[in-house]
């Protein structure tokens, strides 16, 4: 079949072909998926605008798990880019639909995030995972394309870096924060592409206005999900000992830091975060050199 609006149809990948349905609507194209003489399913391509399209697909149960859907979706994506001039195609998949997520990934669509309350199922709204492919993305069968798709789907665990600063009395420096009532160690979230040590130097400089360099790794402390926050790994470094009077020369960032305080363990327990209290009490009581791997401020039983 040939159509001057849509170019040469059907498109083939070996024994898999996609054929534009006869009732084609320019804004909603339906491609019949065929394997040999059998109809295997369909792929839909809805125009969002001149540059973007939204994909949907369905396969007969007898043709699932054989790579047919991946090949068909790749054919339609290629058609959208090469024949229709689109620069982006996207798809929305339910988070629990692992088969559809695998198909989309193998067709070269990268996971971009969760769209909350996007779809309706059984009378209630539910979230969807948004995946997309751009016209200039590397081919999905290439090594670069594979790495980009896999990297986009991997978990994003938050990494936080903190520093232990002590004075001549052995007290710890804690920051009084503007955005929560508990005091905490200096530090913050590590930026993408930034090492934990570099991130700590940056955070201390931005928030306290002083330059302190990590002397050694003290602990890696995993924190479970808490109070609406996802889980995180805290990388704790020793930042050395400074005179107690050095707080007078600190230039505090007023958007994040109200004040800083020298604290013994009793004051940490009274004013510090629960995680910081557990960490510092562990370090005070531990027998043996670090660094330590901790879970929520304590050494886990790893069965060794």
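What to note about this one:
- For peptides 214-224, 175-185, sequence by mean Cβ density within 10 Å, most packed first: 214-224, 175-185
- Listed values (1) 19.8; (2) 21.0; (3) 23.4 include one computed from this model; for Kirkwood radius over Cα pairs in Å that value carries the label (3).
- Springs between Cα atoms under 10 Å define the GNM used for the chain, and in it the highest mean-square fluctuation of 111, 71, 121 occurs at 121.
- Relative contact order (%) - criterion: Cα under 8 Å, at least six apart; region: segment 158-295: 33
- Three-way shape call for segment 2-153 based on the alpha-carbon gyration tensor, with the a/c threshold at 1.5: rounded
- Packing, taken as the mean count of other beta carbons within 10 Å per residue, orders the peptides 194-204, 292-302 from highest to lowest as 194-204, 292-302.
- Max mean-square fluctuation residue, GNM over the chain, Cα-Cα springs under 10 Å, options 251, 74, 88: 251
- In degrees, nearest ten, helix 274-285 long axis to first principal axis of the chain (Cα): 50
- Shape call, segment 75-206: gyration tensor on alpha carbons, a/c limit 1.5: prolate
- Acute angle (nearest 10 degrees) that the helix 68-82 long axis makes with the longest principal axis of the chain, alpha-carbon atoms: 90
- Computed on the Cα atoms alone, the convex hull of segment 158-295 gives a volume of 109 cubic angstrom per residue.
- Springs join every pair of Cα atoms under 10 Å in this Gaussian network model of the chain, and among 193, 65, 44 the largest mean-square fluctuation is at 193.
- Calculated [222 nm] ellipticity per residue, helices only, for the chain: -6500 deg cm²/dmol; basis is -39500 (n - 2.57) per DSSP H run with n ≥ 4, divided by all residues, nearest 500.
- Relative contact order of the chain, pairs being alpha-carbon contacts under 8 Å that are 6 or more residues apart, as %: 11
- Principal-axis tilt of helix 196-208 within the chain, Cα atoms, nearest 10 degrees: 60
- Once C-alpha pairs closer than 8 Å and six or more residues apart are averaged by separation and normalised to the residue number of segment 89-135, the relative contact order reads 47 percent.
Rule-based calculations on the coordinates, nothing more; no lab input. Just so we're clear, the structure is a prediction, and the values are computed from it rather than from any experiment. Neighbour counts are summed over all protein chains in view; Cβ atoms, including those assigned to glycine, are modelled from backbone coordinates with ideal geometry.
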